[in-house]
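Heads up, the thing below is written out as structure tokens.
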Amino acid sequence: MPLTFPVKISTTEMHTAGEPLRIVESGLPELQGATLLDKINYMRNNLDEYRKLLMWEPRGHFDMYGVLLVTPDIESCDFACIFFHNEGYSTMCGHAVIALGRYAIEKGLIKTITSPETQVNIQCPCGPVTAYVTYDGQKTGAVRFQSVPCFVFKPDLAVEVPGYGHITVDIVYGGAFYAIVPAGQYGLDIRESKVSELRAAAGATTDILRKQLELSHPETEGVSFVYGTILTDGNDDYSEEITDTMCVFAEREVDRSPCGSGTSSRIALQYFKSKVNVYQSRTFRGPSGDVFTAKVVKEVNCGKYRAVVTEVKGHGYFCGNSTFTLEENDVTGRGFLLQ
């Protein structure tokens, strides 16, 4: 389906730990479908030009990120989310959940506001996620969210990555499937190496895993693909020291934040490798230099897998409002990408 003219799309702009979130408020045609998955598929198949318009240049950039709020099909949820980026659509986005917790209260989407925290129930494509928003009676603050069940799908998987040789990764589900690997295996340093070098190594790993690894989630439809590769400093033993992380997802998109679902995956992996215990909190730093804290709050089951519910905490901030338009004869303005 082509773009419908006149095009006029209104958004609120936020960021969480430096990672952008473009929240679409009006201007898109109505999405068809009974379930959230139906609506995502409808947008992918019929309205993907709007994703490109908002995520790609000249309105966005290679590492842009966005969300559209829709009516949930889970009765207990306040709203549902369609997450999108440079390549397509996400199954989970923790940095967005953190920002949307504040957004939901500030924009009046939540009927019952309580102090010192207000609960916000969000339907993500991977399942329902609960956010707890700090509220002092006047303003919102930090947000923590509890994940869907996270589990290790395949530990210590050996893979031959073209250009890098033999690499050992852990495949972990934290709302999306990630490969987790210390950057040192590539001869890189998570803090000192160039972003372009880290992006290339992680992207090559994701590419080969997408070709070779068959994934399956025991309970949730539409999530069984390698979403990205998370590079770490290898500092997995429990410590009060900050541990560094970089998530490269979608089509080699670099998350500026520590990555919410990626942080869920990392703390879950540390738990299952007996590096941390329940309620032991760790601090994870992303490329922007900002941090999330995370801990495992309980062990659960997910199909045949031992799994955990994690809690990730961070800060989201409002940074603007936009109204985007497109002239009918503007071909370039429909979206392009430079890497």
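From the set of residues in region 123-154 that are among the small types (Gly, Ala, Ser), touching a strand residue (DSSP E or B) at 6+ places or on another chain (Cβ under 9 Å) and surrounded by 17 or more Cβ atoms within 10 Å (Cβ to Cβ), which is modelled with the lowest pLDDT? Before you say what the answer is, go through the steps one by one.
The initial filter retains those residues of region 123-154 that are among the small types (Gly, Ala, Ser), namely 127, 131, 137, 141-142, 147.
Next, from what is left, pick out any that are touching a strand residue (DSSP E or B) at 6+ places or on another chain (Cβ under 9 Å): 131, 141-142, 147.
The next check asks that each one be surrounded by 17 or more Cβ atoms within 10 Å (Cβ to Cβ); those that pass are 131, 147.
Values: Ala131: 98, Ser147: 95.
Per the criteria, the residue is Ser147.
Being more than 20 Å from Asp189 (Cβ to Cβ) and out of contact with any strand residue (DSSP E or B) (no Cβ under 7 Å at 6 or more places or on another chain) is the filter here, so list the residues in region 251-269 that pass it.
The answer is Glu251, Glu253, Ser261.
Go through region 31-59 and give me each residue that's surrounded by 14 or more Cβ atoms within 10 Å (Cβ to Cβ), of a type in the set (A, V, I, L, M) and assigned to a loop (DSSP other than H, G, I, E, B).
Result: Leu31, Leu47.
Could you please find all residues in region 94-116 being open to solvent by 10 Å² or more (accessible area, probe 1.4 Å) and either of a type in the set (Asp, Glu) or under 10 Å from the mean Cα position of the chain (by Cα) (or both)?
Correct list: Glu106 only.
Take the residues in region 155-182 that are open to solvent by 20 Å² or more (accessible area, probe 1.4 Å) and of a type in the set (D, E, K, R); name whichever of them is farthest from the chain's Cα centre (by Cα).
Applying the filter and picking the extreme gives Glu160.
Condition first: in contact with a Cys (Cβ under 7 Å, 6 or more places away or on another chain) and among the aromatic types (Phe, Trp, Tyr). Now tell me which residues in region 69-93 satisfy that.
Answer for region 69-93, where residues must be in contact with a Cys (Cβ under 7 Å, 6 or more places away or on another chain) and among the aromatic types (Phe, Trp, Tyr): just Phe83.
The conditions are (1) among the hydrophobic types (A, V, I, L, M, F, W, C); (2) open to solvent by 30 Å² or more (accessible area, probe 1.4 Å); (3) in contact with a Pro (Cβ under 9 Å, 6 or more places away or on another chain); (4) part of a loop (DSSP other than H, G, I, E, B), and Val223 fails exactly one of them. Which is it?
Of everything listed in (1) among the hydrophobic types (A, V, I, L, M, F, W, C); (2) open to solvent by 30 Å² or more (accessible area, probe 1.4 Å); (3) in contact with a Pro (Cβ under 9 Å, 6 or more places away or on another chain); (4) part of a loop (DSSP other than H, G, I, E, B), Val223 misses just condition (2).
Could you give every pair whose Cβ atoms fall below 6 Å, whose first residue belongs to region 27-54 and is under 12 Å from Ile82 (Cα atoms), and whose second residue is at pLDDT below 95, counting only separations of at least 6 or pairs across chains?
Correct list of pairs: Leu37/Gly222.
For Arg210, all conditions in the list (1) assigned to a helix (DSSP H, G or I); (2) surrounded by 23 or more Cβ atoms within 10 Å (Cβ to Cβ); (3) not polar (S, T, N, Q) hold save one; what is the number of the exception?
Going through the list (1) assigned to a helix (DSSP H, G or I); (2) surrounded by 23 or more Cβ atoms within 10 Å (Cβ to Cβ); (3) not polar (S, T, N, Q), Arg210 breaks only (2).
Within region 1-30, take every residue that is outside any loop (DSSP other than H, G, I, E, B) and charged (D, E, K, R) and give me the one that is surrounded by the fewest Cβ atoms within 10 Å (Cβ to Cβ). I'd like the intermediate steps shown before the answer.
Start the filter on region 1-30 by keeping residues that are outside any loop (DSSP other than H, G, I, E, B), which leaves 7-16, 19-26.
From the residues that got through so far, the ones that are charged (D, E, K, R) too are 8, 13, 19, 22, 25.
Values: Lys8: 11, Glu13: 16, Glu19: 31, Arg22: 24, Glu25: 15.
Among those that are outside any loop (DSSP other than H, G, I, E, B) and charged (D, E, K, R), it is Lys8.
Need pairs with beta-carbon distance below 8 Å; first residue in contact (Cβ under 8 Å) with a residue 24 or more places away in the chain and closer than 17 Å to Pro162 by Cβ and within region 198-224, second part of a helix (DSSP H, G or I) and of a type in the set (A, V, I, L, M, F, W, C); sequence gap 6+ or separate chains.
Close Cβ pairs satisfying both conditions: Leu198/Ala183; Ala201/Ala183.
List pairs: first in region 259-270 and farther than 19 Å from Ala96 by Cα, second of a type in the set (Ser, Thr, Tyr) and surrounded by fewer than 24 Cβ atoms within 10 Å (Cβ to Cβ), Cβ under 7 Å, 6+ apart or cross-chain?
Close Cβ pairs satisfying both conditions: none exist.
The values are calculated or read from the model by the stated rules, or taken from the named source; none is laboratory data. In this text the structure is predicted, and so the values were computed from the model without any measurement. Backbone-built Cβ (ideal geometry, glycine too); neighbour counts: all protein chains shown. We work out accessible area using only protein heavy atoms, side chains counted, and drop any ligands, DNA or RNA first. Shrake-Rupley method; radii C 1.70, N 1.55, O 1.52, S 1.80 Å.
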